[in-house]
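A short worksheet on the structure shown next.
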Amino acid sequence: MATFIVGAALVIIVAFIIRRMIRDKKKGKSLQCGCDCKHCGGCCH
């Protein structure tokens with residue numbers, strides 16, 4: 001039973017992380033930079 005509870009908790013946490021990553025991507029944020037590209041040091045040029 002404990003294995004099931006821990007597994008379910010991990011699935012929920014991973015689902016929230018993926019959900020947040022999708023929302024950030026839709027807003028234009030990326031994992032590399034996190035800010036707008038005109039102030040970026042070179043990753044967008």
(message) Whether any residue in the stretch 15-26 is at pLDDT below 85, on the phi < 0 side of the Ramachandran plot, outside any helix (DSSP H, G or I) and open to solvent by 90 Å² or more (accessible area, probe 1.4 Å) is what I want to check.
(response) no
(message) Among the numbered criteria (1) surrounded by fewer than 10 Cβ atoms within 10 Å (Cβ to Cβ); (2) at pLDDT below 80, which one does residue 29 miss?
(response) (1)
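The values are calculated or read from the model by the stated rules, or taken from the named source; none is laboratory data. Given the structure is predicted, the values throughout are model-derived calculations rather than measurements. Neighbour counts run over all protein chains shown; Cβ positions are idealised from the backbone, glycine included. All accessible areas refer to the heavy atoms of the entire protein, side chains included, with ligands and DNA or RNA removed. Shrake-Rupley method; radii C 1.70, N 1.55, O 1.52, S 1.80 Å.
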